[in-house]
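Peer 1: Sharing a structure with you now.
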């Protein structure tokens with residue numbers, strides 16, 4: 001199984017657990033919640049792997065440096 005499939009399966013498994021834990025409660029804004037939970041660690045790992053080099057981190061992420069800076073500000077991450 002490829003790394004992407006393992007990551008996808010992990011997300012699926014955790015979402016299933018989340019829905020099970022909700023019981024009869026109705027979920028709201030699941031996509032926003034998942035993006036919020038996943039984006040921050042992805043940004044942090046990219047910065048770590050690039051040794052704090054924002055241009056390299058943006059390249060790793062496939063986004064522009066300005067987009068990276070906006071996301072870092074939104075998540076209150078200090079490079």
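Every read-out reported here was derived from the displayed coordinates using simple, explicitly stated rules and does not represent laboratory data. Just so it is clear, the structure is predicted and the values come from calculations on it, not from any experiment. Cβ coordinates were reconstructed from backbone atoms using ideal geometry, including for glycine residues, and neighbour counts include every protein chain displayed.
Peer 1: Per DSSP H run of at least 4 residues, take -39500 (n - 2.57); add these up for the chain, divide by its residues and hand me the 222 nm value, nearest 500 deg cm²/dmol.
Peer 2: -24000 deg cm²/dmol
Peer 1: Just want to confirm a number: the relative contact order over the chain, from Cα pairs under 8 angstrom separated by 6+ residues, in percent.
Peer 2: The normalised contact order for the chain reaches 18 percent.
Peer 1: Let me ask something else about it. Take peptides 21-28, 70-77 and line them up by average Cβ neighbours within 10 Å, highest first, as a rough protection proxy.
Peer 2: Details: 21-28: 7.2, 70-77: 12.8.
Answer by packing, highest mean first, reads 70-77, 21-28.
Peer 1: Still on this model: As I understand it, the value is the acute angle between the Cα axis of helix 65-74 and the longest principal axis of the Cα atoms of the chain; what does it come to in degrees, rounded to 10?
Peer 2: Roughly 50 degrees between the two axes.
Peer 1: How far is helix 3-22 tilted, in degrees, relative to the longest principal axis of the Cα atoms in the chain, given as a value from 0 to 90 rounded to the nearest 10?
Peer 2: In the chain, helix 3-22 runs at an angle near 40 degrees to the longest axis.
Peer 1: So what's the projected area for the chain, the Cα convex hull averaged over all directions, in nm²? All intermediate terms of the calculation are to be shown ahead of the outcome.
Peer 2: On the way: hull surface 25.2 nm².
Reported value for the Cα convex hull: 6.3 nm².
Peer 1: If you don't mind, another one. In degrees, nearest 10, range 0 to 90: what is the angle between the Cα axis of helix 30-49 and the longest Cα principal axis of the chain?
Peer 2: It is inclined by approximately 30 degrees.
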